[in-house]
1. Restricting to segment 163-183, name every residue that is touching a strand residue (DSSP E or B) at 6+ places or on another chain (Cβ under 8 Å), surrounded by fewer than 18 Cβ atoms within 10 Å (Cβ to Cβ) and assigned to a strand (DSSP E or B).
2. Residue by residue through segment 84-102, note down the ones that are aliphatic (A, V, I, L, M) and modelled with pLDDT under 95.
3. Confirm whether Gly87 is over 21 Å from the mean Cα position of the chain (by Cα) and either in a strand (DSSP E or B) or under 18 Å from Trp170 (Cβ atoms) (or both).
4. Given the conditions (1) of a type outside the set (A, V, I, L, M, F, W, C); (2) under 22 Å from Ile178 (Cβ atoms); (3) part of a strand (DSSP E or B), report the number of the one that Asp94 does not fulfil.
5. Quick check: anything in segment 12-26 part of a strand (DSSP E or B) and modelled with pLDDT of 65 or more?
6. Of the residues in segment 106-134, how many are in a helix (DSSP H, G or I) and over 17 Å from Phe30 (Cβ atoms)?
7. Please work out which one of (1) modelled with pLDDT under 95; (2) in a strand (DSSP E or B) is the condition Lys64 fails and give its number.
Amino acid sequence: MVDTNAQESEWLSKKLRRIGSSDARAIFGFGYDDEDIVTVWERLTTGKRKSFNASQISLMNEGKIFEPSIIQLFKQKNPEWDVESGGFNLVVPDQYPHLCCTLDASGFKTSTSERIVIEAKFEQHGNWADYADDQIPMKHYLQIQHQLICTGYKAGVLISLLRGTYVQRWVERNEELIEQMLITYADLIDKAAKGIRPMVHGKTAYEAVRAEADRYSAKYVGREISQTVKEAVRLQQQINEATKKLEKNKQIIAKSSSGCTYLVLDDQQVVKLGKSLSVLAKLPSNVKVEA
């Protein structure tokens, strides 16, 4: 289902209670500095739009100005594609009504009847290392995969004006990653409906995964992204299971001298909460237990 010719205010109001493609990058730890899964949850719960700082507003305004020119460059370099601008058209998939996306543009190839999503970026201060060896920044990759969920298309293309140079990267639909994204979305939507904040002792599984992802040195491919998201889902499921037990059973809170927090269940299962989240067989001997 596509809402056509929506005005910006109407477009924004329809997005507030849905997970959009920009939310995808935030949910998995690749949003702006002040965006994460919790800020997305807060908007879904309250229906209130987040405020942006001056720097973010400036970047978004620059993007709006240069986006038509970047799309025009794609048209010139890829004449086999018929291109249609997205405008304020909100795409809401019938199968996933809590998701949405707005395309910068879409493409149609008459010879094959193939359709693609087109994501345009103005990256005046972007990093060339993010695009080395045909790579694509993870934050953009997640956005495009989200758009492929909403549209049902099999592919998309990222077009960027990177420090004044046109860069183009084709992206195939990643079913393995999409499966993990949908699991995470369903869990977040459920938490928003129940008013359950998606965090444990101030640390979300996704923040932990973001720290873990630093070892990829800002170079991401589909396989690595899938592994990163899988780890986020696995950790969140692990925490959810432990939380259910804590609701029913007596819990003991323990802290180590290094500041790590442990939840000790009455069956002696131990959940460690820190920079990395894990389930331990027993409580470390150097940890002080606080009743």
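The values are calculated or read from the model by the stated rules, or taken from the named source; none is laboratory data. These numbers come from a predicted model, not from an experiment. Virtual Cβ from ideal backbone geometry, glycine too; neighbours counted across all protein chains shown.
1. Within segment 163-183, Tyr166, Gln168, Trp170, Glu172 meet the criteria.
2. Leu90, Val91, Val92
3. Values: over 21 Å from the mean Cα position of the chain (by Cα): yes; either in a strand (DSSP E or B) or under 18 Å from Trp170 (Cβ atoms) (or both): no.
In short, no.
4. All conditions pass for Asp94, except number (3).
5. Yes.
6. The number of residues fulfilling the criteria is 4.
7. Failed condition: (2).
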